[in-house]
1. Around ALA94, with a cut-off of 14 angstrom between Cβ atoms, what is the net charge of the other residues, counting Lys and Arg +1 and Asp and Glu -1?
2. I want the local charge near SER115. Using Cβ-Cβ distances under 12 Å, sum +1 for each Lys or Arg and -1 for each Asp or Glu among the other residues.
3. Under 1.5 on a/c is rounded, so check that first for the stretch 37-119, then, if it is not, pick prolate when a/b is larger than b/c and oblate when it is not; a ≥ b ≥ c are the square roots of the alpha carbon gyration tensor eigenvalues.
4. As a footprinting exposure proxy, order ILE179, ILE147, ILE121, ILE85 by other Cβ within 10 Å, with the fewest listed first.
5. Modelled label-to-label distance, THR78 and THR101, 7 Å Cα→beta-carbon offset: nm?
6. Below 10 angstrom from the Cβ of ALA64, what's the summed charge of the other residues (Lys, Arg +1; Asp, Glu -1)?
7. If you bin every alpha carbon distance in the stretch 26-182 into 5 Å steps from zero, what whole percent lands in each bin?
8. Restricting to Cα pairs below 8 Å that are 6+ residues apart, what does the relative contact order work out to for the chain? Please round to a whole percent.
Amino acid sequence: MPIPSGYVSGQVVQAVPTGINSALVCVKAETVFSAVASFTADNVFTSTYTNYFLSLRYTSSAAAPFMQFQVGGVAAATNYNYQLISAESTTVAASRATAQTSALIAGDSGGDFKSFAYVNISGPQLAEPTDYISKNIRNATGYTSPIILDTHGNHSTATAYDGIKVLVSSGTMTGTYAIYGYSKTV
């Protein structure tokens, strides 16, 4: 008997909608950054979308990438909170940080090993606290030893933001990023 539509190995899966309004919509085209301590994307968060997706491919020379939300090009540097779960080899660890000056979104790449992170951001343009979830694959010691970072956090200040700043606390980073809005219609 054929497997009914919507089921795979006994689990329900959601169909991916198709059509012009069902996908992520690019609000900031893929942009290159090279040997910088930070980069900004201004005027990317608007009422057109509620949720956003940041894609980040990078290397870093000394430190992990963090983010700050901005209004009119001025970054908010208080009230970031996050919970981190990491997996390296067979060791799983967790940590929490509150009242930080920026939000952790990825780990340092340990030099010239390409790493990738994506950040789902909920409601940055709304005058309410902003939540985020970041997933990161670090290739910090080589490509045969990937490290997983899973960060969930918020910016607890109720402010409407229009931009974002990605930064490292020391050294520089190089790579590409793009920002997408989640369509509100299907």
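Read the figures in this text as sums done on the coordinates, not as results from a lab. Computed from a predicted model, the values in this text were never measured in an experiment. Backbone-built Cβ (ideal geometry, glycine too); neighbour counts: all protein chains shown.
1. Numbers: positive: ARG96; negative: GLU88, ASP150.
Residues close to ALA94 contribute a combined charge of -1.
2. Details: positive: ARG57, LYS114, LYS135, ARG138; negative: ASP108, ASP112.
Combined, the nearby Lys, Arg, Asp and Glu give +2.
3. Note, shape of the stretch 37-119 comes out prolate.
4. Details: ILE179 23, ILE147 19, ILE121 27, ILE85 13.
In increasing order of surrounding Cβ atoms, one gets ILE85, ILE147, ILE179, ILE121.
5. The answer from the label model is 1.4 nm.
6. Working: positive: ARG138; negative: ASP108.
My count for the surroundings of ALA64 gives 0.
7. 2, 10, 20, 24, 22, 14, 7, 2, 0
8. Details: 514 pairs, mean separation 67.6, N = 186.
Dividing the mean separation by the residue count of the chain yields 36 percent.
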